[in-house]
């Protein structure tokens, strides 16, 4: 029987807490979404004063990171380099802030952050990823 690592709710909460700590350190209001390896929402948080437009964006960034097994920054860079076909590929989002969560070489989920500039969203997501051992 083959087994693979999974993303638990406890893992998702730790990732989100670390990401939130980074956001709070800079006084950035963001939405944080954590999805499992199937792109299904596992954990979500939005502060009462964070723009609601970031809700779907954060979830889509997390899903895109899982679906394509790479940070959404890669798509943002591809579009910036002129590869505009990335703009019409289903499920892609050309904005930094989505990062796959990897354990033992397997994508077990993804984090998506939205609410500030893309590079700042990426910084917050990276802080979350860093706690996943």
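Some points to look at:
- Checking residue 8 against (1) over 12 Å from the mean Cα position of the chain (by Cα); (2) farther than 19 Å from residue 106 by Cα, the condition it does not meet: (2)
- Whichever residue in segment 67-79 is surrounded by fewer than 17 Cβ atoms within 10 Å (Cβ to Cβ) and touching a strand residue (DSSP E or B) at 6+ places or on another chain (Cβ under 8 Å) and, among such residues, is farthest from residue 39 (Cα to Cα): 70
- Qualifying residue in segment 102-112 (condition: assigned to a strand (DSSP E or B), within 19 Å of residue 133 (Cβ to Cβ), without any contact (Cβ under 8 Å) to a residue 40 or more places away in the chain and touching a strand residue (DSSP E or B) at 6+ places or on another chain (Cβ under 8 Å)): yes
- The C-beta contact set for segment 31-55 (first residue assigned to a loop (DSSP other than H, G, I, E, B), second residue surrounded by fewer than 18 Cβ atoms within 10 Å (Cβ to Cβ), distance under 8 angstrom, 6+ apart or interchain) comprises 37/6; 37/106; 47/29; 49/29; 50/29; 51/29.
- Checked against (1) crowded, with 20+ Cβ neighbours inside 10 Å; (2) under 18 Å from residue 16 (Cα atoms), residue 47 meets all criteria but (1).
- Number of residues in segment 98-133 that are more than 14 Å from residue 15 (Cβ to Cβ) and buried (at least 24 other Cβ atoms within 10 Å of the Cβ) equals 2.
- Some residue of segment 81-96 being touching a residue at least 24 places away in the same chain (Cβ under 8 Å) and under 30 Å from residue 2 (Cβ atoms): yes
- Set 23, 80: member being modelled with pLDDT of 95 or more and at negative phi: 23
- Being in a helix (DSSP H, G or I), surrounded by fewer than 21 Cβ atoms within 10 Å (Cβ to Cβ) and touching a residue at least 40 places away in the same chain (Cβ under 8 Å) is a property that holds for residue 21.
- Taking the conditions (1) exposed (fewer than 15 other Cβ atoms within 10 Å of the Cβ); (2) within 14 Å of residue 125 (Cβ to Cβ) in turn, residue 82 satisfies each one other than (2).
- The residues of segment 61-79 that are part of a helix (DSSP H, G or I) and within 19 Å of residue 127 (Cα to Cα), listed by number, are 61, 62, 63, 64, 65, 66, 72, 73, 74.
The values are calculated or read from the model by the stated rules, or taken from the named source; none is laboratory data. Computed from a prediction, not measured in an experiment: that's the story for all the values here. Positions of Cβ are backbone-derived with ideal geometry, glycine not excepted, and every protein chain shown enters the neighbour counts.
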